[in-house]
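Working notes, beginning with the structure itself.
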């Protein structure tokens, strides 16, 4: 093997050193700066993504706060509207109850008047029937012929006495 020949060691070491420095110079001049640029670019992209994520997080928190404020306002408006509607319904119900109460009072008064009129008509009819029955009874029982006026007067006296 020629690389183990001691007479060529000095030239091999020389070319080893030359090759090492040339390779070192190529790596230092071209490869390391490109790797550094790539790492810087990746760091910028990562930082930009982190900044964007932070801004999106801030926007989301603001949107959530706006949403919660809007919901609180909507709940307040809904409560106010419900209270207003319930008060209006209460007032309307009271007015309706008063109107129905007035109408019922009028109907009761009208019914009482009709009942009184019917009672008076019935009493008048009853008086005439009682007078006719008294005439018939007097004619059949006692054989007396009683005039209509006398029978009406006797029934009227009897009814006033019982009332």
Among 20, 30, which is the only one that is under 30 Å from residue 3 (Cα atoms) and surrounded by 10 or more Cβ atoms within 10 Å (Cβ to Cβ)? 20
Does residue 156 satisfy the condition of being loosely packed, with under 11 Cβ neighbours inside 10 Å, over 60 Å from the mean Cα position of the chain (by Cα), without any contact (Cβ under 8 Å) to a residue 60 or more places away in the chain and assigned to a helix (DSSP H, G or I)? no
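Given the options 141, 115, name the one that is part of a helix (DSSP H, G or I) and loosely packed, with under 10 Cβ neighbours inside 10 Å.
So the residue among 141, 115 that is part of a helix (DSSP H, G or I) and loosely packed, with under 10 Cβ neighbours inside 10 Å is 141.
Since every read-out is calculated from the coordinates, none of them should be taken as a lab result. What you are looking at is a predicted structure, and each value in this text was computed from that prediction instead of being measured. Here the Cβ is made from the backbone with ideal geometry for all residues, glycine too, and neighbour counts use every protein chain on show.
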